[in-house]
1. Would you kindly state the longest site-free stretch of chain B, with sites defined as chymotrypsin sites (Phe, Trp or Tyr not before Pro) in a DSSP loop (not H, G, I, E, B) surrounded by at most 14 other Cβ atoms within 10 Å?
2. Counting only other chains, and only Cβ atoms inside 10 Å, what mean value do you get across the residues of A:71-80?
3. Using C-alpha positions alone, give me the convex hull volume of the protein assembly as shown per residue in cubic angstrom.
4. Nothing charged except the Cβ atoms of Lys and Arg (+1) and of Asp and Glu (-1): what's the magnitude of the dipole of segment A:33-130 about its Cα centre? Round to the nearest 20 debye.
5. Write down the percent of antiparallel bridges among all DSSP beta bridges whose residues are both part of the protein assembly as shown, to the nearest 5.
6. Charges at C-beta only: +1 for Lys and Arg, -1 for Asp and Glu. How large is the resulting dipole of the protein assembly as shown about its Cα centre, in Debye rounded to 20?
7. Based on the Cβ-Cβ distance of A:Glu55 and B:Ile106, what FRET efficiency does E = 1/(1 + (r/R0)^6) give at R0 = 60 Å, to the nearest 0.05?
8. Can you sort B:Glu14, A:Glu94 so the residue with the fewest Cβ neighbours within 10 Å comes first?
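Computed from the coordinates by the stated procedures, all read-outs in this text should not be read as laboratory data. Worth saying up front: this structure is predicted, and the values here are computed from it rather than measured. Note: ideal-geometry Cβ built from the backbone for every residue, glycine included; neighbour counts use all protein chains shown.
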Amino acid sequence: MAVLRTPRLIIGLLLVAAGWVALLADAIPAARADDAPFEVRIAIRNHRFEPAIIEVPADRPLKLIVTNEDPTPEEFESIGLKIERIIPGGKTAEFLVKPLRPNRNFKFFGEFHLDTAQGQLVVKGDVATK
Amino acid sequence: MSQIALMVFRETLEVAVVAALLLAATRGIPGRWTWAIVGIVVGIIGASIIAVFAERLADSVAGSGQDVFQAVVLLATVVLVAWTIAWMRTHGRQIAARARDTGRRIAAGTAPRYLMATAIAVCILRDGTELAMFLVGARMASETGATSLLAGFAIGIGGGLAVGALLYRGVMAASLGHVFNAVAALLAFLGAGLAADAIGKLCGAGWLPSGIDPLWDTEEILSQASDLGRFLHTLLGYMSQPSTAQVLTYGATLALVLWLGFRRLPASIASR
């Protein structure tokens, strides 16, 4: 068994390495998209997002500028966008989001006020004109 | 008040699940309860200190300070969990064999109690910072009085601890004599979920490529933000919109920790 184990471990590691190489290869075309990011401004007011539903172009990098206008801190979180950050009262946070594929919705929410702080990023179907 | 209780419960739950499983995994190690408490106290103190400096932490590292901090803490937890499992796999039998004699059990090794305590402290550091920020906010919003804040806090903590205790009891009872196998498997899934979380944060901060993202989308079927989704995320690492990088990390960590927990030992160690 011990003889079999080492090769199996090596094959496993190689598979993981191959996966990461594939990821890096995928990242290069993304880096080539040199358009200026599409800016999205979101305000948090009375524990609500304004605007709460935002249409954004597909295949373009985004820059989310989230301003917490409340005096209390809020945690801005989106599972799909892999964002989770506490924004203290009166502060602004910026998030760079890589180009998203069309026809998708990404929910975001304020973890500290889940009953009111709910929003959605709607990625439009048509490819953005460059 | 109910909102405060719910928030405190959510943040406590993750710590409670990690602590319950680690305490079950380190059964037989003398002094594990004492060290668990040490871990809890250190974690609470640390989280309070970080909460005070949270603003500055967020401003450093070009605004992604929190992401990096969270990722480092998550990865540290994974390493500690994996290390505990690896240690218990090699030494667990010796500990069990000397179960009646505390002195000889101490001689067999006490390393896991420090690993377990550190893992608990680190978990509290992460969730406690969030909780502290939330509570400061709730106190600032003057609609919440000190009494209802305290009541909500107590209910939330109590609920989290109750779930942890149930999980601990359940794991210990259900797996009769094979506690370690059941716990090691659960911890492998939990660790894989934490590692995938950490990679997600590093991808989100732009430090790592994420590959196809999301690889699948089950947010509409079972939202990761729902209560069930959160629980499954904590316990098994359920992800509703994972990227390729997260799925790869999940698989690799799961395989590694399962191997650490179930690997065949050389006869010399197993029989010693």
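1. Details: sites that count: B:Trp207, B:Trp216.
Free of exposed loop sites, the longest segment is B:1-206.
2. Working: counts 3, 8, 12, 3, 6, 0, 1, 3, 12, 9.
The shielding value for this peptide is 6.
3. Working: hull volume 57.6 nm³, N = 402.
Dividing the Cα hull volume of the protein assembly as shown by its residues yields 143 Å³.
4. Working: 14 positive and 16 negative charges, 63 e Å.
For segment A:33-130, the charge dipole is close to 300 debye.
5. Numbers: 22 of 34 bridges.
Looking only at bridges with both residues in the protein assembly as shown, the antiparallel portion is about 65 percent.
6. Values: 36 positive and 32 negative charges, 482 e Å.
So the dipole magnitude of the protein assembly as shown works out to roughly 2320 debye.
7. Numbers: r = 64 Å, r/R0 = 1.07.
With R0 = 60 Å, the Cβ-Cβ based efficiency is 0.40.
8. On the way: B:Glu14 22, A:Glu94 15.
Listing B:Glu14, A:Glu94 from fewest to most nearby Cβ atoms yields A:Glu94, B:Glu14.
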